[in-house]
Amino acid sequence: MNVVSRKWGTLAVACLAMLMLSLDLTVLHLAVPKLTEALTPTATQLLWIVDIYGFALAALLVTMGNVGDRIGRRRLLLIGTLMFGAASAVTAYAPTPELLIAARALLGVAGATIMPSTLSLVRNVFTDPRERTTAIGIWSSITALGFALGPVVGGVLLDRFWWGSAFLVNLPVVALIVVAGLAVLPESRNPRPGRIDLISVPLSAAGVLGLIYALKETADGGVGQTRVAVAAAIGIAALIVFVRRQTRLAEPLIDVRLFRRRAFTAAVGATLVAIFAMLAMSLLFAQYFQLVVGWSPLVSGLAGLPGGLAAGVGGALSGPLVHRWGRGPVVALGLALTAAGFTMFSGITVEVNYPYLLAAMIIEGAGMGFTFSVTNDTVLASVPKERSGAASAISETASEMGGALGIAVLGSMTNAVYRADLELPAGLPADVAAQARDTLGGALEAAAALPGDVAGVVVRTARDSFVHGIQVTVLAGAVILVCLAVAALFALRGVPKVIPEYAESGEHGSGEHEPARGPR
């Protein structure tokens, strides 16, 4: 196989692996009602079934990125893919909630090996800067497409088969990745890897896991909970110790001096805040389509598909636009388009106007595609290719943190407006009123047991209040995105359109690269 074929074959395998991961990330929420009926988990078990995948994934991304740099990204990708297939089969046929939780945790571990490996393999085979930008744009497009297709694929399967079918669909994809990967993927690793610091591994995991757990619990029950304070304190303390330790190691898990590079820091920050807005809106609009408009999960998935397709197109177009306008303007444009889409979302009502929503989704999706493609390429181009696994893990960890933060902050804002705006009929039993004030889903469930006229009032006011909450939240998100667009325009100013292969002099971002000091 010649070099050109191997390069594009590597990109195809990497895209297929990310398509599988992004599909899997979105199907569980659709499967929850059916698996709850089949396995009857407790409320606590159901929370762990939903959350354990993300916890394991986020906690191990940085470590697995470094493992790939040391043992080989091809090897780690293939091992992780086989593990993902085995965990998918166990998940599909899990007879108890406990086994399902364990299988979902294993899926998260496997996902942590796959995510950074795909991006670092692409970084290593595409050494021409222009080709690299185009390739990462395609990679980002396929990832966005997977998130959009997940609800559609899941809806089709769950309409016809049992809940486990949503996970069995991974098995033929796993087989294809392994066969194609053995044939086309080149091996790449850091030629001078050093050893992994075994103290840094649990510190990084505890720091990331503590913060993400705190954010998720804040979204569920508010910031005043004791467990939120304890988890946040553990996470912050672990990260402080972790960062201090990295500055003293000859071979750090993360070279924190990378954050002195303006291009690197701006790209990671833009990724975090953009995901912050995107995932929160994805969750809110899934509820809007199903609980306000009354569409089925499949129809709701199809309704959201154009946004993902637009993100894919935006990612594919980002490379040519970068070569014409530069990185800062393209990222700023992407964030501005996303903010414009969010502003349009504020015009939604209980009575759906889908053509209007379609226009907003396309504008918002294209903006996200521009943003993520350029920021991912900028992160990888800011480090030597020998450390690309660790760098891609930083970018993926920022995405996980941003998603958790967005759901916690923007989701909590929607819920706060919903509760403040909700005016229930007088005379409702206290437990019914409390259930209705908790969430829109709770209000609809409570209304089902009420007399017809009263039920109609509860449903109507609950839907009106939820839509008002979305309107306020999307406008707040739009303001955040506009501020980030201005910041990105200045932070990425002077970064070359075509970033050359990394050089120690730090020419493509402020802040010189300094070799880490040895242990003290």
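The values are calculated or read from the model by the stated rules, or taken from the named source; none is laboratory data. Note that the coordinates shown come from a computational prediction; the quantities given were computed from them, not determined experimentally. Ideal geometry is used to build each Cβ from the backbone, glycine not excepted, and the neighbour counts take in all protein chains shown. Note: accessible area is taken over every heavy atom of the protein model, side chains too, but ligands, DNA and RNA are not part of it. Shrake-Rupley method; radii C 1.70, N 1.55, O 1.52, S 1.80 Å.
Which one is surrounded by the fewest Cβ atoms within 10 Å (Cβ to Cβ), of the residues in region 117-126 that are β-branched (Val, Ile, Thr) and more than 18 Å from the chain's Cα centre (by Cα)?
The extreme case among them is VAL125.
Would you point out which residue out of VAL379, VAL383, VAL458 is modelled with pLDDT of 75 or more, open to solvent by less than 60 Å² (accessible area, probe 1.4 Å) and more than 25 Å from VAL292 (Cα to Cα)? Explain how you work it out, then say what you get.
Values: VAL383 fails: modelled with pLDDT of 75 or more; VAL458 fails: more than 25 Å from VAL292 (Cα to Cα).
Sole residue among the options that is modelled with pLDDT of 75 or more, open to solvent by less than 60 Å² (accessible area, probe 1.4 Å) and more than 25 Å from VAL292 (Cα to Cα): VAL379.
Could you check region 245-287 and list, in sequence order, the residues that are farther than 20 Å from PRO116 by Cβ, in contact with a Leu (Cβ under 9 Å, 6 or more places away or on another chain) and modelled with pLDDT of 80 or more?
ARG245, ALA266
Checking the condition closer than 30 Å to VAL208 by Cβ, assigned to a helix (DSSP H, G or I) and at pLDDT 75 or above, which residue from LEU405, LEU481, LEU444, LEU475 passes?
Details: LEU405 fails: at pLDDT 75 or above; LEU444 fails: closer than 30 Å to VAL208 by Cβ; LEU475 fails: closer than 30 Å to VAL208 by Cβ.
Result: LEU481 is the single residue among LEU405, LEU481, LEU444, LEU475 that is closer than 30 Å to VAL208 by Cβ, assigned to a helix (DSSP H, G or I) and at pLDDT 75 or above.
Which one of these is in a loop (DSSP other than H, G, I, E, B), within 23 Å of THR338 (Cα to Cα), modelled with pLDDT under 80 and open to solvent by 60 Å² or more (accessible area, probe 1.4 Å): ARG493, ARG517? Give the derivation first.
Working: ARG517 fails: within 23 Å of THR338 (Cα to Cα).
It is ARG493.
Open to solvent by less than 20 Å² (accessible area, probe 1.4 Å), touching a residue at least 24 places away in the same chain (Cβ under 8 Å), in a helix (DSSP H, G or I) and over 20 Å from SER395 (Cβ atoms): which single residue out of GLY85, GLY68, GLY80 fits that description?
Checking each option against the conditions leaves just GLY85.
Restricting to region 330-352, and then to whatever is touching a Gly at 6+ places or on another chain (Cβ under 8 Å) and open to solvent by 10 Å² or more (accessible area, probe 1.4 Å), can you tell me which residue is nearest to PHE126 (Cα to Cα)?
Of region 330-352, the ones touching a Gly at 6+ places or on another chain (Cβ under 8 Å) are 333-342.
Those still in the list that are open to solvent by 10 Å² or more (accessible area, probe 1.4 Å) too: 333, 336-337, 340.
Numbers: LEU333: 26, ALA336: 30, LEU337: 29, ALA340: 34 Å.
Checked region 330-352; the qualifying residue nearest to PHE126 (Cα to Cα) is LEU333.
Which residue pairs have Cβ atoms closer than 6 Å, lie 6 or more positions apart in sequence or on different chains, and pair a first residue in region 323-345 that is within 13 Å of VAL495 (Cα to Cα) with a second residue that is charged (D, E, K, R) and surrounded by fewer than 24 Cβ atoms within 10 Å (Cβ to Cβ)?
Correct list of pairs: HIS323/LYS497; GLY326/LYS497; GLY328/ARG493.
Restricting attention to region 210-219, does a residue exist that is within 25 Å of ALA381 (Cβ to Cβ) and within 21 Å of the chain's Cα centre (by Cα)?
From region 210-219, those within 25 Å of ALA381 (Cβ to Cβ) are none; that's our starting set.
Among the residues of region 210-219, not one is within 25 Å of ALA381 (Cβ to Cβ) and within 21 Å of the chain's Cα centre (by Cα), which makes the answer no.
Kindly check whether there is at least one residue in region 91-102 that is open to solvent by less than 10 Å² (accessible area, probe 1.4 Å), touching a Phe, Trp or Tyr at 6+ places or on another chain (Cβ under 9 Å) and under 26 Å from GLY308 (Cα atoms).
No - not one qualifying residue is present in region 91-102.
Report yes if ILE114 is surrounded by fewer than 23 Cβ atoms within 10 Å (Cβ to Cβ), within 27 Å of GLY307 (Cβ to Cβ) and touching a residue at least 60 places away in the same chain (Cβ under 8 Å), otherwise no. If you could, list the steps in order and put the result at the bottom.
Working: surrounded by fewer than 23 Cβ atoms within 10 Å (Cβ to Cβ): no; within 27 Å of GLY307 (Cβ to Cβ): yes; touching a residue at least 60 places away in the same chain (Cβ under 8 Å): yes.
No.
Of the residues in region 227-286, how many are surrounded by fewer than 21 Cβ atoms within 10 Å (Cβ to Cβ) and outside any helix (DSSP H, G or I)?
5
Please specify each residue of region 355-377 satisfying the condition of being of a type outside the set (A, V, I, L, M, F, W, C) and more than 18 Å from ALA144 (Cα to Cα). Even if it seems obvious, please write down each step before you answer.
Here is the first cut: in region 355-377, the residues of a type outside the set (A, V, I, L, M, F, W, C) are 355-356, 364-365, 367, 369, 371, 373, 375-377.
Of everything in region 355-377, those that are of a type outside the set (A, V, I, L, M, F, W, C) and more than 18 Å from ALA144 (Cα to Cα) turn out to be PRO355, TYR356.
Quick one: in region 127-169, which of the residues that are among the polar types (S, T, N, Q) and surrounded by fewer than 24 Cβ atoms within 10 Å (Cβ to Cβ) is farthest from ALA17 (Cα to Cα)?
Applying the first criterion (among the polar types (S, T, N, Q)) to region 127-169 yields 127, 133-134, 140-141, 143, 165.
Okay, now just the ones that are also surrounded by fewer than 24 Cβ atoms within 10 Å (Cβ to Cβ), so 127, 134, 165.
Values: THR127: 21, THR134: 18, SER165: 19 Å.
For region 127-169, the residue satisfying everything is THR127.
Please determine, by comparing only the residues of region 1-24 that are part of a helix (DSSP H, G or I) and open to solvent by 50 Å² or more (accessible area, probe 1.4 Å), which one is modelled with the highest pLDDT. Can you show your working first?
We begin by selecting, within region 1-24, every residue part of a helix (DSSP H, G or I); these are 3-24.
From what is left, the residues that are open to solvent by 50 Å² or more (accessible area, probe 1.4 Å) are 3-6, 8, 12.
Details: VAL3: 68, VAL4: 72, SER5: 80, ARG6: 83, TRP8: 87, ALA12: 92.
Among those residues, the one meeting the criterion is ALA12.
How many residues does region 24-83 contain that are over 19 Å from the mean Cα position of the chain (by Cα) and among the acidic types (Asp, Glu)?
Result for region 24-83: 2.
May I ask you to list the residues in region 423-441 that are closer than 28 Å to VAL409 by Cβ and either charged (D, E, K, R) or open to solvent by less than 10 Å² (accessible area, probe 1.4 Å) (or both)?
Taking region 423-441 and keeping what is closer than 28 Å to VAL409 by Cβ, we get 423-424, 433-441.
Scanning region 423-441 gives GLU423, ALA436, ARG437, ASP438, LEU440.
Does region 438-478 hold any residues that are more than 19 Å from VAL350 (Cα to Cα) and within 21 Å of the chain's Cα centre (by Cα), and which are they?
Once the filter is applied, which keeps residues that are more than 19 Å from VAL350 (Cα to Cα) and within 21 Å of the chain's Cα centre (by Cα), region 438-478 yields ALA476, GLY477, ALA478.
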